[in-house]
1. Counting just the residues of the stretch 37-67 that are of a type in the set (Gly, Ala, Ser) and within 18 Å of VAL139 (Cβ to Cβ), which one comes out surrounded by the fewest Cβ atoms within 10 Å (Cβ to Cβ)?
2. Within the set of pairs 6+ apart or on separate chains, which have a first residue in the stretch 41-53 that is farther than 18 Å from VAL26 by Cα, a second that is of a type in the set (Ser, Thr, Tyr) and surrounded by 20 or more Cβ atoms within 10 Å (Cβ to Cβ), and C-beta atoms under 6 Å apart?
3. Which of the residues spanning the stretch 1-20 are within 26 Å of ASN110 (Cβ to Cβ), touching a residue at least 12 places away in the same chain (Cβ under 8 Å) and surrounded by fewer than 19 Cβ atoms within 10 Å (Cβ to Cβ)?
4. Given the stretch 1-92, what helices (runs of 4 or more DSSP H) lie entirely inside it while holding 2 or more residues that are in contact with a strand residue (DSSP E or B) (Cβ under 9 Å, 6 or more places away or on another chain) and at pLDDT 95 or above?
5. Out of everything in the stretch 99-142 that is among the aliphatic types (A, V, I, L, M) and not in a helix (DSSP H, G or I), what residue ends up being modelled with the lowest pLDDT?
6. Quickly run through the stretch 93-106 and pick out the residues that are surrounded by 15 or more Cβ atoms within 10 Å (Cβ to Cβ) and touching a residue at least 40 places away in the same chain (Cβ under 8 Å).
Amino acid sequence: MPITYRLASVEDRDVIMEFLLHYFRVQEPITHSLGATVEDIKEFYSDLRDNGLKGPYSTLAFQGQKLVGICLNAIQEISTNRSKPKKETRLEDDYAEAIATGPYETPNANRLAVFIDVVEEGLCEELALYEELATSVRVFKIDVLGVHPEYVGRKIEK
């Protein structure tokens, strides 16, 4: 049976969540290294899924009725306003408070959120250097790219 691709829609919410929790979670290096459980990251993945369904940018791969690949994407507006002083990020920075007071109920979900915020903050600083005249830029963001373990090596994500 051939692999078919289509844009994700709100009707796919449940199948996307099932894929994220039971396949992506165990394959993704960060959640794997944290030993994140379904309950640890359910709320975080719910936000990722919903963000990927805001526009016609996310793609799903199916073999018959089975979801075998996922690419959740979004367009993100990033401010390049340089009126704020540049925040220095150092390896020794302590993110314990941000993790403890983060938006999610579980520490592992907050660890993921803090990690992504730090990475995206660095991206914003780099974009500001190249977009000196703009006050903001729009970025195509790939939030999730994953393939069902039984289908790895078939170039589905290509």
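1. Narrowing the stretch 37-67 to residues of a type in the set (Gly, Ala, Ser): 46, 52, 55, 58, 61, 64.
The next check asks that each one be within 18 Å of VAL139 (Cβ to Cβ); those that pass are 52, 55, 58.
On the way: GLY52: 24, GLY55: 12, SER58: 24.
If we take residues in the stretch 37-67 being of a type in the set (Gly, Ala, Ser) and within 18 Å of VAL139 (Cβ to Cβ), then GLY55 is surrounded by the fewest Cβ atoms within 10 Å (Cβ to Cβ).
2. Final answer for the pair search is GLY52/SER58.
3. ARG13, MET17, GLU18
4. Numbers: elements: 13-19, 29-34, 38-52.
Answer list for the stretch 1-92: 13-19, 38-52.
5. Of the stretch 99-142, the ones among the aliphatic types (A, V, I, L, M) are 99-100, 109, 112-114, 116, 118-119, 123, 127-129, 133-134, 137, 139, 142.
Restricting the remaining residues to those that are not in a helix (DSSP H, G or I) gives 133-134, 137, 139, 142.
Working: LEU133: 53, ALA134: 60, VAL137: 72, VAL139: 81, ILE142: 90.
Within the stretch 99-142, the match that is modelled with the lowest pLDDT is LEU133.
6. Selection gives TYR104, THR106.
The values are calculated or read from the model by the stated rules, or taken from the named source; none is laboratory data. Note that the structure is a prediction, hence the values are computed from the model and not measured. Quick reminder, even Gly has a Cβ in these numbers, built from the backbone with ideal geometry, and neighbours come from all protein chains shown.
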